[in-house]
Amino acid sequence: MQYAEPRPDCPICLDERQYVGWDGQQWTTLAALTAAGHRGRVAVEGPGVTGVGTEPSFAIGQRALLVRAPGGNVLWDMVTYLNDELLVQVRELGGVSAIAISHPHFYGTMIEWAHAFDAPVYIHAADRQWVARPDPSVVFWDGDTREIGDGLTLINVGTHFDGGQVLHWAGDHGAGDHGAGDHGAAGALFSGDILTVVQDRRWVSFMRSYPNLIPERPSAIRRGLALLEPYPFERVYGAWWNRVIETDGAAAVRRSADRYLRWARDEGT
């Protein structure tokens, strides 16, 4: 999480879904990360989808995804690290027309990225309180869904955070003018860890807090499933490198929710 100015605490770290490390709150800068030997990593994660991450791994190690849509690239989720070399690599792939981030744990340096590409950042209004660096580039939206491009729809699934959103990429866009590949006729879902692809990549799961093992509310999961129902998808892209369900993604999400809800019920209910 990047803050606009120095401060003694980190509210998102103090929230029950995260924690302050055992050695106390730590702070850094982009310049310090570069000096420590960090660098950007750009690699294909799927048809028409390029991962953008950091090596060595930083913070919780998630990677962003450049969704290479014909109408303009969308940067889904966020990494903190950014330098001139990484900017050049992303520009060579067509740049960034819009940014959308699943939830506050991944906001990172979203304003730095937004300014670098003159791109809006789409955040659900239910998570407004967690935006640590207010800026005109942030676009807050309300309701259940928001289209941000041709075949690109944000869905407020609302697990993990009330404003938790996923991105659906509909249909087969083919190679397009970015050289992107066929991402599957049935579409793709970019889930962050609003619904997280687990180690057994046939499944996803749902949590209010992953590190602190706080389960998600069954009512929130049922609402999210109902919102996803109209959107077909084969692939599900989670938040970390290679956390991808490659086939039958919609069915995987449904059976994962059924399993979760089955174990969450009290016996006899």
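The values are calculated or read from the model by the stated rules, or taken from the named source; none is laboratory data. Computed from a prediction, not measured in an experiment: that's the story for all the values here. A quick note on method: Cβ atoms are made from the backbone with ideal geometry, for glycine too, and the neighbour counts reach across all protein chains shown. The area values use the complete protein model at the heavy-atom level, side chains included, leaving out ligands, DNA and RNA. Shrake-Rupley method; radii C 1.70, N 1.55, O 1.52, S 1.80 Å.
May I ask you to order 249-256, 159-166 by the average number of other C-beta atoms within 10 Å around their residues, highest value first? Intermediate values should be presented prior to the final figure.
Details: 249-256: 19.1, 159-166: 24.2.
Top to bottom by mean Cβ count within 10 Å: 159-166, 249-256.
Output the peptides 123-129, 143-149 sorted from most to least packed, where packing is the average of other Cβ atoms within 10 Å over each peptide's residues.
Working: 123-129: 17.9, 143-149: 14.7.
Packing order, densest peptide first, comes out as 123-129, 143-149.
With a Förster radius of 22 Å, plug the Cβ-Cβ distance of ASP162 and ARG133 into 1/(1 + (r/R0)^6) and report the FRET value to the nearest 0.05. Present the calculation step by step, with values, prior to reporting the outcome.
Numbers: r = 20 Å, r/R0 = 0.93.
Computed FRET efficiency for ASP162 and ARG133: 0.60.
Using 0.36 nm times the number of residues separating GLU147 and ALA31, minus their current alpha carbon distance, what extension gain do you get? Intermediate results must be reported in sequence, preceding the final value.
On the way: separation 116, 0.36 × 116 = 41.76 nm, distance 3.57 nm.
Between GLU147 and ALA31, full extension yields 38.2 nm more.
Taking just the C-alpha trace of the range 1-79, give me its Rg and Dmax in Å.
Expressed in Å, the Cα Rg and Dmax of the range 1-79 come to 15.4, 46.
For the range 48-137, just say rounded, prolate or oblate: build the C-alpha gyration tensor, square-root its eigenvalues into a ≥ b ≥ c, call rounded for a/c under 1.5, and beyond that prolate if a/b exceeds b/c, oblate if not.
oblate
Hey, can you find the accessible area per residue of the chain for me, probe 1.4 Å, expressed in square angstrom?
In whole numbers, the chain has 46 Å² accessible per residue.
How much accessible area does HIS115 have with a 1.4 Å probe, in Å² rounded to the nearest 10?
110 Å²
Expressed in nm to one decimal, what extension gain is obtained for the pair ARG254 and VAL20 from 0.36 nm per residue of sequence separation less their Cα-Cα distance?
Numbers: separation 234, 0.36 × 234 = 84.24 nm, distance 3.39 nm.
Stretched fully, the ARG254-VAL20 segment lengthens by 80.9 nm.
Across 5 Å bins from the origin, how do the percents of Cα pairs in the chain run, short distances first?
1, 6, 13, 18, 20, 17, 13, 7, 3, 1, 0, 0
Would you work out if the range 195-247 is rounded, prolate or oblate? Take a ≥ b ≥ c from the square roots of the eigenvalues of the alpha-carbon gyration tensor; rounded if a/c is under 1.5, else prolate when a/b is larger than b/c, oblate otherwise.
Details: a/c = 2.67, a/b = 1.09, b/c = 2.46.
Judged from the Cα gyration tensor, the range 195-247 comes out oblate (a/c at least 1.5, b/c at or above a/b).
Take ARG262, ARG208, ARG223 and sort them by solvent-accessible surface of the protein heavy atoms, 1.4 Å probe, largest at the top.
Numbers: ARG262 125, ARG208 60, ARG223 90 Å².
Largest to smallest exposure gives the sequence ARG262, ARG223, ARG208.
Take PHE117, PHE106 and sort them by solvent-accessible surface of the protein heavy atoms, 1.4 Å probe, largest at the top. Don't jump to the answer; show the numbers that get you there.
Values: PHE117 30, PHE106 0 Å².
So the residues, ranked largest to smallest area, are PHE117, PHE106.
Carbon and sulfur atoms: what percent of the 1.4 Å accessible area of the chain do they account for? Show your work: numbers first, answer last.
Numbers: 6100 of 12250 Å².
Ligands and nucleic acids excluded, carbon and sulfur reach 50 percent.
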